[in-house]
Each structure stands twice: as C-alpha cells, then as structure tokens.
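For reference, the structure is listed below as structure tokens.
The values are calculated or read from the model by the stated rules, or taken from the named source; none is laboratory data. Everything numeric in this text was worked out from a predicted model, so none of it was measured. Heads up, the Cβs are rebuilt from the backbone with ideal geometry, glycines too, and the neighbour counts pull from every protein chain shown. Accessible surface areas use protein heavy atoms only, side chains included; no ligands, DNA or RNA. Shrake-Rupley method; radii C 1.70, N 1.55, O 1.52, S 1.80 Å.
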Amino acid sequence: MKRVLAIALGVLTAIGGFVDIGDIVANAEAGARFGLSHAWVLAVGVVGICAYAEMCGRVTAVSGRPVFDLVRERLGPRAALANLAGSLIVTVLTLGAEIGGVGLALQLATSVDYLLWVPVVGVVLWVVLWRAKFSLLENLFGLTGLALVVFVIAIFHLHSDGGQLWRQATHPGPPVDEDWGTYWFFAVALFASAMTPYEVFFFSSGGVEERWSSKDLLTSRVNVFVGFPLGGLLAFALMATAAAVFHPLQMSVDSLSQVALPAAIAFGKLGLAAAILGFFAATFGAAMETGLSSAYTVAQYFGWAWGKFRRPRVAARFHTVLMVSILVGVAVLMTTIDPIQLTEYTLVFSAVALPLTYLPILVVANDRGYLGRRVNGRLANGFGVLYLVIVLAAAVAAIPLMIVTRMGGG
C-alpha cells in the first residue's frame with residue numbers, strides 16, 4: 001500500500017497540471033473543433049514535462065533542496081527574480097481560475113451560481129491548506145481526481161468511428177472549416193498547459209515536504225513516469241470523447257456542462273456524477289497546487305521558512321503569501337471574469353514564461369556541486385535541449401497567435 005501511495009504526489013501534480021479547469025475545456029474544445037489532430041501535442045507535452053520533472057525530482061532528492069532555491073543560489077538573485085516574476089503572476093491568476101473552476105463544478109452539481117460559491121471555496125481552500133497535512137492533500141485529492149477515468153472508459157462506450165479518429169490523430173492539421181493559425185494557437189495553448197511552470201516548482205517543493213533523499217530517487221521517478229503520463233491520458237480522454245460526440249456535429253464546447261456530456265451519454269447519471277466528482281477534485285487539487293506554488297517560490301526566493309512540514313507560526317510569512325494569493329484569486333473572480341477564459345489567457349502567458357523556468361532547471365541539473373555524479377547524462381541533456389528549443393518557439397509564437405486568432409476565435 002505504501003508503494004501505491006508513493007505515486008500520489010505525481011498523480012496530484014499531473015492532474016493539477018493537465019486537468020485543471022482551463023485544460024478541461026481546452027482539450028474538449030480542441031477535440032470538438034479539430035478532432036484528434038492535436039493528440040501529438042499531448043504526447044509532446046507529456047514527454048517534455050517528464051524530462052524536466054525528472055530533473056527536478058533528482059535535484060531535490062540528491063540535494064535535499066527545492067529547485068527554485070538552487071536557481072537563486074546558482075544563477076544569482078537577478079536571474080531568480082526574473083524567474084519569479086515570470087511565473088508568480090501567471091500562477092496567482094491560474095489559482096483564481098481554479099477557484100472559479102471549483103465553483104463551476106459545484107454549480108453543475110447544485111445549480112447555484114458559481115460566483116456565490118467562490119468566497120466559500122476561497123475560505124475552505126485556505127483552511128485546508130492551513131490545517132491539513134501534505135500527505136492527506138496529495139492522497140485525497142490526487143486519487144479522487146482519478147474519477148475522471150470515466151472519460152477513458154467512455155471512449156469505448158460511445159460507438160465512435162475509430163477509423164476516423166485514428167485518421168485525425170495520424171494526419172494532424174485543421175479541418176476545412178478551420179485555419180492553420182487557429183490550429184497552432186490551440187497547439188501552443190495545449191503544450192503550455194502540459195509544461196506550466198508551477199508544476200515543476202510544486203513537484204520539487206513537494207519532494208522536500210516528503211523529505212526525499214537519494215534513497216527516494218526511484219520514488220521520484222515512479223511519480224514522474226506514472227503520474228504525468230496518467231494526467232496526459234486523462235487529458236487525451238477528454239479530447240477523444242469530445243471528438244467522438246461533438247466533432248461530427250460541428251459543435252463547439254465552451255462550458256463545463258458540455259464537457260461532462262460524453263460521460264453522461266455513455267453512462268447516464270452515474271457517468272455524470274463521476275465527471276462532476278472528477279472536475280471538483282481536479283480543480284480543487286489544482287487550486288491547492290497553484291496556491292502552494294505561489295507561496296513556495298516567494299518564500300524560497302527571500303530565504304524564509306516555508307512548507308507545510310513546519311508549523312504555521314514558524315513559517316508565518318509563507319502562510320501569509322498563501323493567504324494573500326488566495327485573496328487575489330478570489331478578487332479577480334469577483335470582477336465576474338469567466339474563469340475558463342481567464343485560464344486560457346494564463347496558458348498563453350504561461351507559454352511566454354516557459355523559457356525563464358526551464359533554462360535554469362537545465363543549468364542546475366548539470367551542476368556537479370549540487371548533484372555530484374547524479375548530474376544529467378547525455379539522454380537527459382538531449383531531451384532538455386530539444387525541449388528548450390520547443391519552449392522558446394512556443395514563447396515567441398504565443399502572443400502573435402493570440403492576437404491574430406483573437407484567442408482562438410478564428
């Protein structure tokens with residue numbers, strides 16, 4: 001049982017990274033509009049996040065310190081400040097979107113407007129992060145998010161045209177009613193959703209919370225190579241079920257209720273209930289992940305005591321940043337901005353910030369002063385450099401594609 005629960009950190013990170021509120025709708029919207037022609041993006045994203053998360057886990061297990069802390073020490077406060085600025089704003093805005101996503105899931109379950117749920121969710125989130133143990137958080141919400149496996153099973157119950165879906169996946173490109181600009185906008189957004197900066201910061205800091213050492217390298221790698229592909233599989237299932245149900249009808253998807261429809265078609269009320277449970281757990285887990293990541297990075301940059309393994313009065317500034325981040329997220333939502341639209345914007349800006357995150361990680365993972373003989377080998381550096389090029393291309397293309405396509409509106 002302990003070995004099974006050992007992958008929970010990777011599961012929570014993966015679900016929070018791949019299946020947050022924006023990704024739930026973005027994958028479904030991509031499936032509805034383009035079929036499975038973006039499936040390759042998910043595969044590329046999974047390999048990329050695995051490559052860099054493995055570096056982060058190895059750095060943490062060997063050094064006993066989180067990656068962001070080492071980035072500041074290795075590259076200096078100015079480079080670390082650029083890293084912090086590039087990720088913190090995106091992470092806090094994403095936190096707001098995830099709180100809104102929890103509200104949308106509760107609205108789907110209760111028919112009460114999500115804005116009425118937002119302050120309640122903010123308070124509950126703060127209390128949970130203040131009082132609950134880290135192990136409880138990762139096990140409860142990470143594993144409950146696996147209710148989204150209902151979409152994986154639904155693929156085989158929707159009586160879709162398997163041959164057509166296969167052709168879409170193996171012949172990527174826009175259908176006749178879409179253009180290449182919009183196709184590539186969705187590709188960049190989906191790639192950014194897989195490689196969001198807070199994922200690696202949360203995963204690395206979580207390893208410190210779990211007190212990883214060199215003996216836990218296997219646990220770290222199991223987390224990476226099981227958890228992240230699992231998140232990718234769930235994202236693919238959302239895309240595939242939308243492609244099976246909506247793409248043949250040329251319907252778009254822009255709400256959580258529409259995303260849940262394939263599960264309801266396949267399994268009735270039971271499928272709908274599982275989908276809502278999965279949406280709630282995934283978005284709440286992502287809210288915890290982004291909230292903690294905001295506090296982790298600020299506290300580690302300034303050298304404050306941090307972490308849930310410390311009592312709140314010992315890490316008071318860490319918990320203050322966490323509380324302020326939640327308040328900012330709630331305040332953004334109370335402007336009545338659509339949380340789904342907010343997350344789609346954060347995905348674009350996340351793509352722009354990716355190089356500031358992943359280049360320092362690659363540098364630290366090659367530093368023998370921290371890792372000794374555990375530095376990157378040729379394979380890890382090969383993947384690291386390759387994905388750094390892809391990340392740079394996505395960063396350069398993100399803003400122009402957003403403008404030209406009007407956020408994918410065509």
- request: Could you check which residue among GLY64, GLY271, GLY372 shows the biggest mean-square fluctuation in a GNM of the chain with a 10 Å Cα cutoff?
  value: GLY372
Estimated distance in nm for a label pair at TRP166 and ARG313, the labels positioned 7 Å out from Cα along Cα-to-Cβ: 6.6
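Under the classification rounded if a/c is under 1.5, otherwise prolate if a/b is larger than b/c and oblate if not, where does the range 294-410 fall, given a ≥ b ≥ c as square roots of the Cα gyration tensor eigenvalues? Don't skip to the answer; put the middle values down first.
Numbers: a/c = 3.65, a/b = 1.05, b/c = 3.49.
Oblate shape, in that a/c is at least 1.5 and b/c is the bigger or equal ratio.
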query: Which of ALA147, ALA315, ALA395 moves the most in a Gaussian network model of the chain with Cα springs under 10 Å?
result: ALA315
- request: For ALA331 and ALA132, compute 0.36 nm times the residue count separating them, minus their Cα-Cα distance, and round to one decimal in nm.
  value: 69.2 nm
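Can you tell me, using C-alpha contacts under 8 Å and at least 6 residues apart, the relative contact order of the chain as a whole percent? Display every interim value, and only then the final one.
Details: 718 pairs, mean separation 155.4, N = 410.
Computed value for the chain: 38 percent relative contact order.
If you count only protein heavy atoms with a 1.4 Å probe, what accessible area per residue comes out for the range 37-173, rounded to a whole Å²? Numbers along the way, then the final one.
On the way: 5690 Å² over 137 residues.
For the range 37-173, the solvent-accessible area averages 42 Å² per residue.
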Global geometry of the range 162-204, whether rounded, prolate or oblate, following the gyration tensor of its Cα atoms and the 1.5 cut on a/c: oblate
- prompt: Between LEU392 and LEU218, what length in nm is gained on full extension when 0.36 nm per residue of separation is reduced by their alpha carbon distance?
  reply: 59.6 nm
message: Helix-only estimate, please: 222 nm mean residue ellipticity of the chain, summing -39500 (n - 2.57) across DSSP H runs of length 4 or more and dividing by its residues, to the nearest 500.
response: -26000 deg cm²/dmol
Ratio of the Cα radius of gyration of the range 250-345 to 2.2 N^0.38 Å, where N counts its residues: 1.44
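To two decimal places, what compactness ratio does the range 71-118 give when its Cα radius of gyration is scaled by 2.2 N^0.38 Å? Before the final figure, lay out the partial values.
Details: Rg = 17.2 Å, N = 48, 2.2 N^0.38 = 9.6 Å.
This ratio for the range 71-118 stands at 1.79.
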query: Going by accessible area, probe 1.4 Å, with all protein chains left in place, what is the ranking of HIS159, HIS247, HIS171, HIS38, largest first?
result: HIS159, HIS171, HIS247, HIS38
- request: Compute the convex hull volume of the Cα atoms of the chain, divide it by the residue count, and report the result per residue in Å³ as a whole number.
  value: 128
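For the range 309-378, report the accessible area per residue in Å² (1.4 Å probe, heavy atoms, rounded to an integer). Let's see the in-between values first.
Details: 3420 Å² over 70 residues.
Per residue, the range 309-378 has an accessible area of 49 Å².
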- prompt: Is any helix in the chain, taking whole DSSP H runs, at least 30 angstrom long along its axis by alpha carbon and on average at least 0.5 on the Kyte-Doolittle scale, and which ones?
  reply: 39-63, 77-110, 256-302, 339-364, 378-405
query: Is the shape of the range 70-170 rounded, prolate or oblate, going by the alpha carbon gyration tensor and its root eigenvalues a ≥ b ≥ c, with a/c under 1.5 for rounded and a/b larger than b/c for prolate?
result: oblate
query: Which FRET efficiency, nearest 0.05, do MET407 and ALA79 yield, Cβ-Cβ r, R0 41 Å?
result: 0.85
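Using a 1.4 Å probe on the protein heavy atoms, what percent of the accessible area of the chain belongs to carbon and sulfur?
Working: 10880 of 16190 Å².
Taking all protein chains in place, the chain shows 67 percent carbon and sulfur surface.
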task: At 0.36 nm per residue, minus the direct Cα-Cα distance, what do TRP304 and LEU158 gain on full extension? Give it in nm, one decimal, please.
output: 47.3 nm
